[in-house]
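Have a look at the structure below before the remarks.
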Amino acid sequence: MRYLKIFLLNFQKVFEQRGRSAVWFFLTLINPLVLLLYWNGSNISTQWSSASRTSYYLLIVITSSLLISHVEEDVSFYDIRQGGLVSKLLKPFPYYWFQFFMEIPYRILQGIYGIIVLYIILIMFPYALKIELTPHMLALGFITCVLSYFMSYTYKLILGLTAFWIPDIWGIYQLTDVVFFIFSGNIMPLHFYPNWLKEIALFLPFAHIIYYPVLIIQGQLSLLDSIQAISFQLIWLAVLISIFKIMWHFGVRKFSGVGQ
Amino acid sequence: MEYYLKVIKRIFIYNASSLLSFRSSFINSLISSIVWSVSSLISALLLTSKSGSVYGWSRNELILLTGSYTIMWGIVNILFQRNFQDLTMVIDRGKLDSTLLKPIDSQFLVSFKQLNYAAFSRLILGYIIITTIASRVSLHISFLNFIAYLILILLGVTIIYSVWFMILTILIWHHSLNNLNALANNMVGYSRYPQEMFQKVSPSLLVLFPVLITSSIPTRFLLHKARSLELLFLFLASTTTLFLSRKFWQFALRSYTSAGG
């Protein structure tokens, strides 16, 4: 019940700051569309049809807006660097869940923006989205999206916690943004990568945040492959949560109430 | 002028002593810069791996474009990026007062007070990319051509600075929009793509968002493909955006209230 209260209070705040959410959504919308524009000017059509490309990047827009958390800035700047963590440490909630219920309203609002944009695009271009979903794949798609969100949230929380030790957070964020961009399937589907890079990309957690959910929703993975992808998501989620717990344990000891 | 030269000298000295005092921070920034630069090159190689040409640009030309982008982004990183990150916090917390009370131009101070020496690594990598591709395609770059190229890069940096600063100035009215910095960051990132890509959508995009041409035109100059009109446009865009950023900042300061807006 108390988490519901946190969620509702923060939803009110997020709705007041819907302009901020709109900026984040704009970024998740424009980046894949720029890449789509880029590929439209290349001669990749023999390997990757125009319809598949459009469908792929539209799904990237939707999944990115719904599933990519942006909690790292609040954690690193407002909580750790500015000392706002003091009030949260005194509250009777685990920090992980407190931030989680504060972050969820942003995802809901961004998801609403994404659905509106998708609806407009599908009215203008009815055949833009190619999805071949069966009922059980729909269920798997839902599960993979939930796990993907938890992975994204935990990963971004870990990034934010690096502020306990590293002053130049923006350098880390720029770096991790580019790494995420490369290995999450944003540039192009990972199966187009050179074999050695594809193996690395499919192993890392980033592919399980965006790439695999997109493939499952598109209906391009078999039932067995989907279950395997979800299993890897669970394993990575366990790893990320362990890393978070360790960093939190040592970071809080280092934290001083006036900020870092 | 002499006063500002003294201030610039102090800024260089202050940031150098800060680098020596916080060596681990410098090393962390250096590693981030190097890995970012290498990752950018990898993403460029991936983008060019599946097709021979994109909008008339061959693979080598696109990688050359990445080199120009890396150099330009390196300069932006050295001079402005930390200041822009701080500016979002400064305006949000209503701490711009102390800057406005100082006997120095506020735009100058908020734009230049911090330097990021670690980002020099991006300049080095950009230079390596350009010289490697130039030798691969037997592209002869004379000393004068290179100086002219650097001037064009600096014009591009001016456009990026001005547009980015104008975007952040909006924070004076809407201080909660502190993710405008990320928006500006992304917009600059689009300059790594060929300008013809955006021209295909609408030629007016390049006029409305001159950031999109900041890497393309210097690269086309290196390839001996730049038209005089393009060079003139780059120059006009840099002076116009700089002038507009100045006027917009002065206009915005009239609305600034110190309690975080």
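Read the figures in this text as sums done on the coordinates, not as results from a lab. Remember, it's a predicted structure, so these values are computed and weren't measured experimentally. FYI the Cβ positions are ideal-geometry reconstructions off the backbone, even for glycines, and counts take in every protein chain you see.
Using only the alpha-carbon atoms, how far is helix B:82-92 inclined from the longest principal axis of chain B? Give it as 0 to 90 degrees, nearest 10. It works out to around 40 degrees. Compute the Rg/Rh shape ratio of chain B: radius of gyration over Kirkwood radius, all on alpha-carbon atoms. We get a ratio of 0.98 for chain B.
Sequentially through region B:56-68, phi angles give Karplus couplings (6.51, -1.76, 1.60; θ = phi - 60°) of x, 8, 6, 4, 5, 5, 5, 6, 4, 4, 4, x, 4 Hz, Gly and Pro residues having no value and appearing as x.
Within a Cβ distance under 12 Å of B:N77, other residues only, what is the Lys/Arg minus Asp/Glu net charge? For residues surrounding B:N77, the net value is +1.
Helical runs (DSSP H, four residues minimum) scored at -39500 (n - 2.57) apiece and divided by the length of the protein assembly as shown put the mean residue ellipticity at 222 nm at -23500 deg cm²/dmol. Running Debye on chain A with equal point scatterers at the Cα sites and no solvent, what base-10 log of I(q)/I(0) appears at q = 0.07, 0.09, 0.16 Å⁻¹? Log10 of I(q)/I(0), two decimals: -0.26, -0.43, -1.30.
What do you get for the angle between helix B:143-169 and the principal long axis of chain B? Use alpha-carbon atoms, 0 to 90 degrees, nearest ten. Approximately 40 degrees, to the nearest 10.
Taking Cα atoms only, the orientation of helix B:180-189 departs from the longest principal axis of chain B by about 20 degrees. Taking Cβ atoms as reference points and 12 Å as the exclusive limit, the residues near A:W39 contribute a net charge of +2, counting Lys and Arg as +1 and Asp and Glu as -1. You can think of it this way: the chain between B:S49 and B:H174 has 40.8 nm of extra reach, that is 0.36 nm per residue less the Cα-Cα gap. Under conditions of 10 °C and 1.306 mPa s, the protein assembly as shown yields 65 µm² s⁻¹ as its translational diffusion coefficient, taking Rh as the Kirkwood radius over Cα pairs in the Stokes-Einstein equation.
Put in order of Cβ neighbour count within 10 Å, fewest first, the listed residues B:L177, B:L150, A:L204 become B:L150, A:L204, B:L177. Taking other C-beta atoms within 10 angstrom as a stand-in for reagent exposure, B:F84, B:F243, B:F209 fall in the order B:F243, B:F209, B:F84, fewest first. Among residues other than B:T66 with Cβ under 15 Å from its Cβ, the summed charge is +4 (Lys and Arg +1, Asp and Glu -1).
Among A:Y96, A:Y78, sorting on how many other beta-carbon atoms sit within 10 Å of each Cβ, with the fewest leading, yields A:Y96, A:Y78. When each full DSSP H helix of chain A is screened for a Cα extent of at least 30 Å along its own axis and an average Kyte-Doolittle hydropathy of at least 0.0, the helices passing are A:18-40, A:95-124, A:135-161, A:223-254.
Restricting the calculation to Cα atoms, region A:63-178 yields a radius of gyration followed by a Dmax of 17.6, 53 Å.
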